[in-house]
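This report concerns only the one structure given below.
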Ligand SMILES: NC(=O)c1ccc[n+]([C@@H]2O[C@H](COP(=O)([O-])OP(=O)(O)OC[C@H]3O[C@@H](n4cnc5c(N)ncnc54)[C@H](OP(=O)(O)O)[C@@H]3O)[C@@H](O)[C@H]2O)c1
């Protein structure tokens, strides 16, 4: 399997959850890591842990929902390492509210900016360097990027948009040596559920998930990195996700009911 040893990697959403785990796992391969997120203190803590594990890691605080920040992230990574082999687009935010309960509709724009536009801006800024390196673009989507999930209208829309954008980009990149991998996790233990915005646009504050019954962030990180190494096209991280993709073609109502039950049960 391909190794990331010595590769220059820009990883967004590295301060917590799945991104933090990916940073720590990548650090063991003596990678050069440009770590991005908004929380500067948490990010520099992760950078220190990565350096202790053998990586050359820098923290670049920034908001991926702001185009200028995305362009600066790429510039800073290139200044530091002189090249870019992997663009790992992981930063994301979630929501947990039915449309008829939402009182702050600005959440739709926020989710679109962070989950979709940030990835588009970063890919655009990093593309020349990735082509030069015959590198990898890795996008962390969700099963909610493939099917409708109740209480997630704006989140589903932002993740579906990623598939359209990066499927089109993959075709444009044919023959350049740059791969585009989209990974769709099922539920994972992380900060995202506690931070998900509720009907009033404020974070829920506590996770409604049954965390003992869902995938750990470390396991999810390892699966995403394996997909990236193998330059896979699309990887779904649960059996129900994989099965659902095919069943949906002839029994879409059944998949709707499974999605509704998963949200109601929290696993
Ligand atoms: N956990 C799940 O159940 C699950 C399932 C499917 C897909 N995913 C996807 O997995 C990815 C990682 O999520 P996670 O579960 O690890 O969530 P998490 O624990 O909440 O971590 C999210 C990361 O994204 C960063 N982030 C959020 N908004 C940002 C912004 N505007 N600018 C820069 N960074 C930002 C956060 O850092 P700061 O707050 O410091 O900015 C944090 O580092 C997301 O794309 C998510 O949609 C998660």
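The values are calculated or read from the model by the stated rules, or taken from the named source; none is laboratory data. All values reported here derive from a predicted model rather than from experimental measurement. Positions of Cβ are generated from backbone atoms using ideal geometry, with glycine treated the same way; all protein chains shown enter the neighbour counts.
When segment 208-220 is filtered for residues that are part of a loop (DSSP other than H, G, I, E, B), in contact with a helix residue (DSSP H, G or I) (Cβ under 8 Å, 6 or more places away or on another chain) and surrounded by 18 or more Cβ atoms within 10 Å (Cβ to Cβ), only 209 remains.
If the Cβ limit is 7 Å and pairs must be 6+ apart or interchain, which residue in segment 7-25 that is under 14 Å from residue 48 (Cα atoms) and more than 9 Å from the ligand (Cβ to nearest atom) pairs with which residue that is part of a strand (DSSP E or B) and modelled with pLDDT of 95 or more? From residues that are under 14 Å from residue 48 (Cα atoms) and more than 9 Å from the ligand (Cβ to nearest atom), the pairs are 23/11; 23/33; 23/35.
Regarding segment 156-164, can at least one residue be identified that is closer than 19 Å to residue 107 by Cβ, surrounded by 22 or more Cβ atoms within 10 Å (Cβ to Cβ) and free of Cβ contacts under 8 Å to residues at least 40 places away in the same chain? Yes: segment 156-164 contains one or more residues that are closer than 19 Å to residue 107 by Cβ, surrounded by 22 or more Cβ atoms within 10 Å (Cβ to Cβ) and free of Cβ contacts under 8 Å to residues at least 40 places away in the same chain.
Checked against the criteria, residue 28 does not count as farther than 22 Å from residue 110 by Cβ, touching a helix residue (DSSP H, G or I) at 6+ places or on another chain (Cβ under 7 Å) and away from the ligand (no atom under 14 Å from the Cβ). Take segment 54-85 and flag every residue that is within 16 Å of the ligand (Cβ to nearest atom) and crowded, with 20+ Cβ neighbours inside 10 Å. The answer is 57, 58, 59, 60, 62, 64, 65, 70, 73, 74, 77. For residue 180, the conditions (1) over 16 Å from the mean Cα position of the chain (by Cα); (2) over 24 Å from residue 265 (Cβ atoms); (3) away from the ligand (no atom under 15 Å from the Cβ) are fulfilled apart from (1).
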